[in-house]
Amino acid sequence: MGKRFMQPLRIAVQWGYLLFMVYLGVEFFRFVRYCRTGGATPFVPRPEGVEGFLPISALVSLKEWVLTKEINPVHPAGLVIFLTIAVVSLLLKRSFCSWVCPVGTLSEFFWKGGFGLLRRNYRPPRWLDVALRGIKYLLLVFFLYSILVVMGPEQVTTFVYSDYNKTADVRMLDFFLHLSPFALGVFLFLTLLSLPVRNPFCRFLCPYGALVGLISMLSPAKVSREGELCVSCGVCTQVCPSYIPVMAKRRVHSPECIGCWRCISHCRAEGALEMKLTGQKVIVPGLLFAILVVLLFWGGTMVGRLTGHWHTAITVQEYMRLMGR
């Protein structure tokens, strides 16, 4: 597959995942409605994939798994998805952010639309850009410290089996269905900011992105530039959504690289930019990269199902009881 087709392929994968997540959201809404009406509406099985939106619960579950060597049955799919994203980031850069994440998909849609309207995207001054990027790392440190360091074993177990954690998915749904004026204002602000600025939430505020970015630095697959073939046109640097100076790099190690292939796809010099494994000799074809992203995510869920760590142990009757409070 020619490199120029990588962007249509990536966008198709992005939107495919987005539509699938919308489907999961609708099915979960119908499940919650069934429980809250006491079975007056048609029954819909709870889709386990919604636990992918519970990163805090997954992080606590990770700590309990390390402490007890067992995956708790409350939200097991959340931990499986969390670990799958970590593995994908370890092998294929931050491809989760540019191939799967719904926030990344919508953010890219908005900044591309903003480019069409404004004929350009704006980047904050370098000093401000660096300072703002530091926010997501501070948030990451806060969550990691609060959960992995401060919470003791008893607190972890208490949280995991608490009614609060059991209904974390329902609380998440209610949050989006009944946005407070403040939350709505934040969403509108970030949406409007996404028109002139590329991926502001992902770049400045997302602690999940900060975590997978740090993990991705260990990835053997990285964008590599062949200096002898490069014509120094600067297109790779211009199209990078993370503003990485690709043209000035021999190999891109930055945690900000989201593995979107835009620099490679737009490169004007054949062979100057490639996704290569450690050693810079083995080239990773674009189609193979795309297939691996999809297969690894699908494979992670299959491993969870086959090992019995996918479906929650919370019964429908228990959900009804918890929602009836």
Could you tell me which of rounded, prolate or oblate describes the range 94-154, using a ≥ b ≥ c as the square roots of the eigenvalues of the alpha-carbon gyration tensor, with rounded for a/c under 1.5 and, failing that, prolate when a/b is larger than b/c and oblate otherwise?
oblate
Cysteines without a disulfide-compatible partner [the chain; Cβ-Cβ under 4.7 Å]:
CYS35, CYS97, CYS101, CYS202, CYS206, CYS230, CYS233, CYS240, CYS257, CYS260, CYS267
How big is the charge dipole of the chain about its Cα centre, in debye rounded to the nearest 20, if each Lys and Arg gets +1 on its Cβ and each Asp and Glu gets -1 on its Cβ?
1020 debye
Just subtract the alpha-carbon distance of TYR23 and THR41 from 0.36 nm times their residue separation and send over the number in nm, one decimal.
4.7 nm
Extension gain ARG171-GLU318, at 0.36 nm per residue separation less the Cα-Cα distance, in nm?
51.4 nm
Roughly speaking, what is the centre-to-centre gap between the range 114-189 and the range 75-109 when only Cα atoms are used, to the nearest Å?
15 Å
Where only C-alpha atoms are counted, convex hull volume of the chain per residue in Å³
156 Å³
Highest-fluctuation residue, VAL50, VAL150, VAL223 considered, GNM on the chain with Cα pairs under 10 Å
VAL150
Over the range 66-219, relative contact order from alpha-carbon pairs under 8 Å, at least 6 apart, %
49 percent
Rounded if a/c under 1.5, otherwise prolate or oblate - the range 12-153, Cα gyration tensor axes
oblate
Just the number please: accessible area per residue for the chain, 1.4 Å probe, all protein chains included, in Å².
50 Å²
What is the percent carbon and sulfur in the accessible area of the chain, measuring with a 1.4 Å probe over the protein chains and ignoring ligands?
71 percent
Could you pull out the trypsin sites (Lys or Arg not before Pro) across the range 85-165 that fall in loop regions by DSSP (anything but H, G, I, E, B) with no more than 16 other Cβ atoms inside 10 Å?
ARG119, ARG120
Using the beta-carbon distance between LEU138 and ALA269 and R0 = 35 Å, what value does 1/(1 + (r/R0)^6) give for FRET efficiency, to the nearest 0.05?
0.35
What number in nm² do you get for the range 91-204 if you take the convex hull of its Cα atoms and divide its surface by four?
10.1 nm²
Applying the gyration tensor rule to the Cα atoms of the range 143-250 (axes a ≥ b ≥ c; rounded if a/c under 1.5, else prolate if a/b exceeds b/c, else oblate), the class is oblate
Tell me, what is the percent relative contact order of the chain, built from C-alpha pairs under 8 Å that lie six or more residues apart?
28 percent
For the range 167-325, what ratio Rg/Rh do Cα atoms give with a Kirkwood hydrodynamic radius?
1.10
Which angle between 0 and 90 degrees, to the nearest 10, do you get for helix 207-216 versus the longest principal axis of the chain when only C-alpha atoms count?
50 degrees
Per-q log10 I(q)/I(0), the range 125-183, q = 0.26, 0.30 Å⁻¹ (Debye; single scatterer per alpha-carbon; no solvent)
-0.98, -1.03
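The values are calculated or read from the model by the stated rules, or taken from the named source; none is laboratory data. Note that the coordinates shown come from a computational prediction; the quantities given were computed from them, not determined experimentally. Quick reminder, even Gly has a Cβ in these numbers, built from the backbone with ideal geometry, and neighbours come from all protein chains shown. Just so you know, the surface numbers come from the protein's heavy atoms only, side chains and all, with ligands and any DNA or RNA stripped out. Shrake-Rupley method; radii C 1.70, N 1.55, O 1.52, S 1.80 Å.
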